[in-house]
Amino acid sequence: MNVLALPFSSIPSRPGSYVLIMRLHAPAELQVGKLGSLHCPAGWYTYVGSALGPGGLAARLARHRRREKRLHWHIDYLLALSQLTEIWWAVSSERWECTWAESLGRLPGAKVLFPGFGSSDCRCRAHLLYFARRPSLSSLAAKLEGPCAPSRLTIC
């Protein structure tokens with residue numbers, strides 16, 4: 001797999017799927033719509049999503065990076081309190097989020113803390129995974145390898 005560190009401006013305005021890698025430095029309580037009150041332990045989180053609408057990946061990922069926004073999706077609540085450290089993305093009109101979420105769930109230390117988080121429009125257990133320690137980026141790359149391998153963008 002050829003995973004490259006790229007500038008944010010290189011993300012295309014085409015449809016695709018993505019993985020957000022976030023760090024929560026201290027435990028937090030979130031109120032997230034129908035999911036209710038969630039206790040989020042400090043640690044690392046990966047969130048898998050897709051951007052198939054207008055503006056594609058560039059528009060969706062720019063929104064995720066903004067601090068000031070209306071809280072709409074489940075992930076918006078966690079992004080408001082965490083540090084977004086990396087984004088992995090791939091251009092495709094197919095949804096890879098479910099396949100990627102399942103693959104990431106098999107990484108050592110991966111836990112689904114909140115069933116239904118980010119997966120209200122599919123049958124996945126969740127699209128948010130928790131890791132007490134930073135997940136291995138080489139393991140992450142290996143898990144996402146396949147017909148739609150992602151590019152990497154380092155935020156920090």
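The values are calculated or read from the model by the stated rules, or taken from the named source; none is laboratory data. Everything quoted here is computed from the prediction, not taken from an experiment. Glycine also receives a Cβ, built like all others from the backbone with ideal geometry; neighbour counts cover every protein chain displayed. In case anyone asks, the SASA skips ligands and DNA or RNA and just uses the protein heavy atoms, side chains included. Shrake-Rupley method; radii C 1.70, N 1.55, O 1.52, S 1.80 Å.
Residues of region 60-76 being open to solvent by 50 Å² or more (accessible area, probe 1.4 Å) and either touching a residue at least 24 places away in the same chain (Cβ under 8 Å) or of a type in the set (Ser, Thr, Tyr) (or both), which ones? Explain how you work it out, then say what you get.
Residues of region 60-76 open to solvent by 50 Å² or more (accessible area, probe 1.4 Å): 60, 65-68, 70-73.
The answer is Arg60, Arg65, Trp73.
Just to be sure I understand, how many residues within region 81-104 are under 14 Å from the mean Cα position of the chain (by Cα) and over 20 Å from Gly16 (Cα atoms)?
Pass one, region 81-104, residues under 14 Å from the mean Cα position of the chain (by Cα): 82-90, 95-104.
From the residues that got through so far, the ones that are over 20 Å from Gly16 (Cα atoms) too are 82-83.
The number of residues fulfilling the criteria is 2.
Which ones in region 55-83 are hydrophobic (A, V, I, L, M, F, W, C) and closer than 19 Å to Leu113 by Cα?
First pass over region 55-83, keeping only residues hydrophobic (A, V, I, L, M, F, W, C): 57-59, 61-62, 71, 73, 75, 78-81.
Within region 55-83, Trp73, Ile75, Leu78, Leu79, Ala80, Leu81 qualify.
Can you report the number of residues in region 10-48 which are more than 18 Å from the chain's Cα centre (by Cα) and of a type in the set (D, E, K, R)?
Counting residues in region 10-48 that are more than 18 Å from the chain's Cα centre (by Cα) and of a type in the set (D, E, K, R) gives 2.
Could you tell me whether Arg63 is in a helix (DSSP H, G or I) and modelled with pLDDT under 95?
Working: in a helix (DSSP H, G or I): yes; modelled with pLDDT under 95: yes.
So Arg63 fits the description; yes.
From the list Ser119, Ser139, pick out the single residue that is over 15 Å from the mean Cα position of the chain (by Cα), among the small types (Gly, Ala, Ser) and either modelled with pLDDT under 95 or assigned to a loop (DSSP other than H, G, I, E, B) (or both).
Numbers: Ser119 fails: over 15 Å from the mean Cα position of the chain (by Cα).
Just a single option satisfies the conditions, and that option is Ser139.
How many residues, within region 77-116, are touching a Pro at 6+ places or on another chain (Cβ under 6 Å), crowded, with 18+ Cβ neighbours inside 10 Å and under 17 Å from Trp44 (Cβ atoms)?
1
Where in region 12-54 are there strands (runs of 3 or more DSSP E), lying wholly inside it, with at least 3 residues that are closer than 16 Å to Val112 by Cα?
Numbers: elements: 16-24, 28-32, 36-40, 43-51.
Those strands (runs of 3 or more DSSP E) span 16-24, 36-40, 43-51.
Taking region 7-40, which residues are open to solvent by 60 Å² or more (accessible area, probe 1.4 Å) and either among the basic types (Lys, Arg) or under 19 Å from Pro54 (Cα atoms) (or both)?
Selection gives Ser9, Ser13, Arg14, Arg23, Lys34.
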